[in-house]
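Everything below concerns the one structure shown next.
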Amino acid sequence: NLQVTEAELGNVSRQEAVSMIPPLLLKPEAHHHVLDVCAAPGSKTMQLIEMQHETDPNPSGFIIANDVDKKRSYLLCHQVLKRMKSANCVVICEDGALMPNMRMKDDAALRFDRVLCDVICSGDGTMREEPRHLPKWTPQEGLGLHKLQLSIARKSVQQLKVGGLMVYSTCSMNPMEDEAVVAQLLREGKGSLRLVDAHPRLPGLKASRGVSTWKVFDREMAEYATFADVPKEGPLVRALTESMWPPTEEEAKEMNLQNVMRLLPHQQDTGGFFVALIERVAEDKEEEERRRVEARAPAYKRQKMFKDEPFTFLKKDDERWDDLKSYYGIDESFPYENLFNRLIEGDNARQLFFVNESVKEFILNNMKTLSIQNAGMKMFGRNENKVEKVRYRISQEGRRHAAQVYEQAEDANPEGGHAHSATRRWKAGRQGAEGTCGYGEVRGKGRSPLTQIRQCRALRRRDEAHLCMDRPAHGCSLHRKGGENPPFETAG
C-alpha cells in the first residue's frame, strides 16, 4: 500500500478529512500564540504549523502542543518536531484539566490567540469506519466523559485572550459530549464568550446545525426530565450533574447552539465529527480570580518517571559558536543564542537545538513549572571525532533553516572570503574536475552550500577507490582515485 509506506517513511501524514476542519476554522497567523491542549498523535498540530508557515517561513509566534500521557508526548516529539523541522513548536506534558498558568517576559500571564481543544470522547462518530465498536455502544458512553471534557474545555477557554478563538471538537455525536459542554461554557462565561457561526467559514462543507434539546438517561436507561428529578442519595448523585441537561428556552435563544457544526458520516462519506467555534469577547472578573488561585494536579499525578533535563541556551561569545561560524561561514545575523542543549554541562552536549525568540522566552519563563519535553528543531549534531576541524555537523533537520541564513550571507558578500570557506569547498566539489563525483553536479544544482556539505555521506572507502553508493541515481561509477579524501567528506 503506497499510502501506508509513505506514511511510515514520514513523507506524508494521513488524516481523516473531517479532523482537518478545526485548524481551518482557527486560521492561525504567523505571529499568533497557539495552544493545542490534547495534541497527540499530532496530525492537527502539524496542520497548524504548516498554516503558520504559509505567509512567513520563519514565524514569530509559536505553538504549544500538550498531552497528558508521557509516551504520547514522546510520539508528539517524533511526529511534530522531527518531521516538521520547525523552530516555533514546543511539546509539553500536562493535564489539560489542571494546566498551570503559563508566563512570559516580566512574569506577564500568557494568553493565546488560538486554542484547539480536541478532547477525549466516546468516538461513536467513527463507527462507520470501526463497526466492531457498535455492539459495545450504549447511550451512557458520554456520562463518564462529560465532566472530564467540561473540565478540559473550561481550563482551555481560560487561556484565551480577548478576541481569541477556541475550537472545541469531538468525534462523537452524543449531545452530552458536544452541545452540553458548549452550553455550560457559555453559561459560566456570563457574556464573555460568544459562539461563532462556523458554517459560513467553510461554505462548501455539508454540515448539520447543532441541537438545543436532548434527553438524559442513567445507566439503567431511566430518563430524567430535569436535574431536580435525580434522587438526592445514591450513585446517581455523582454520576449526573446539572450541566448535562439542555438549556432553557431563554438560554437557548442567547447561546445560539445552532451555530455549531455536526458532520454526519452519510453526508460526505466521512466520519462523524462535532465542531464548535468560541470567541472571547470580554474578560471575566470571576475567571481572572480563579486564574490567580493556580490549580495543580494531585501530588500522585504529578510524579514523574524521571526528572526533565534542563534547557541550557548558548551564551554570548560561546566558543562552540565561534567554531561553527568560522567553519561553515554562517552570517553574523544568525541568532545563535537561541541554540540550546539538554545538559547542564553544555560542552558535552551531543546535539544543539534551535528555537525562535518567542519559544526561547516561553521556555525560560516556564521551565520550572511545566514539564517541557522538547522544542524546536535539531540544528547541529556532534561529530564524534569523525571530522577534526569542527566539533558539530549540520543535521538534516536543521539544514533548510541554516541554508536560508547561508544564502543571505552569500548574497551580502558575493566575492566570498574567509567567512565563506564552506561555500568555496562546496563550489570546488561541483566543478566536475578530475576526481570529483557527479553527485554534486546532478543533485546539488541550484542548492545552497549547506544542503550539500554532507551529500556524499553515502560514499564508502574501499582500498584506494571511493565507490559512490548512489550509482543508480546518477551513473557515477568511481568517485575518486588516489588516497585523498573527497572534498565533501573533508567539509564534514
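Modelled spin-label separation between GLU279 and GLU309, with each label point placed 7 Å from Cα along the Cα-to-Cβ direction: 4.5 nm.
In a simple Cβ point-charge model (Lys, Arg +1; Asp, Glu -1; nothing else charged), the stretch 1-130 has a dipole of about 280 debye relative to its Cα centre. Taking θ as phi - 60° and the Karplus parameters 6.51, -1.76 and 1.60, the scalar couplings of the stretch 366-381 work out to 10, 4, 8, 10, 10, 8, 8, 7, 5, 7, x, 10, 6, 9, 9, x Hz in sequence order, x denoting glycine and proline. DSSP assigns beta bridges within the stretch 1-111; of those with both partners inside it, close to 10 percent run antiparallel. Hey, rough spin-label estimate for THR5 and GLU332, points 7 angstrom out along Cα→Cβ, what's it come to in nanometres? For THR5 paired with GLU332, the spin-label model returns 5.1 nm. For PHE62, the residues whose amide H sits under 5 Å from its own are HIS33, VAL34, ignoring neighbours fewer than 5 places away on the same chain, with H placed 1.01 Å from N. Computed 3J(HN,Hα) for the stretch 220-232, one whole-Hz value per residue from the Karplus formula 6.51 cos²θ - 1.76 cosθ + 1.60 where θ = phi - 60°, is 9, 6, 8, 8, 10, 5, 9, 5, 5, 7, 6, x, 6, glycine and proline marked x.
Annotation for LYS316 and THR241: the two label points, set 7 Å from Cα along the Cα-Cβ direction, are 5.1 nm apart. Number of Lys-Lys pairs in the stretch 101-250 with C-alpha atoms under 21 Å apart and a separation of 8 or more places or on different chains: 9. Full extension of the segment from LEU24 to ASN101, taken as 0.36 nm per residue of separation minus the current Cα-Cα distance, would add 25.0 nm. Taking all protein chains together and rolling a 1.4 Å probe, CYS93 ends up with roughly 20 Å² accessible. Extension gain for VAL162 to LYS215 (0.36 nm times residue separation, less C-alpha to C-alpha distance): 15.7 nm. One Cα centroid belongs to the stretch 325-366, the other to the stretch 135-157; the line between them spans 41 Å.
The protection proxy used here, the mean number of other Cβ atoms lying within 10 Å of each residue, ranks peptides 389-396, 60-67 as follows, highest first: 60-67, 389-396.
The values are calculated or read from the model by the stated rules, or taken from the named source; none is laboratory data. What you see is a predicted model; the values in this text were computed from it and never measured. No Cβ is skipped: glycine too gets one built from the backbone with ideal geometry, and neighbour counts run over all protein chains shown. Only protein heavy atoms, including side chains, enter the accessible area calculation; ligands, DNA and RNA are left aside. Shrake-Rupley method; radii C 1.70, N 1.55, O 1.52, S 1.80 Å.
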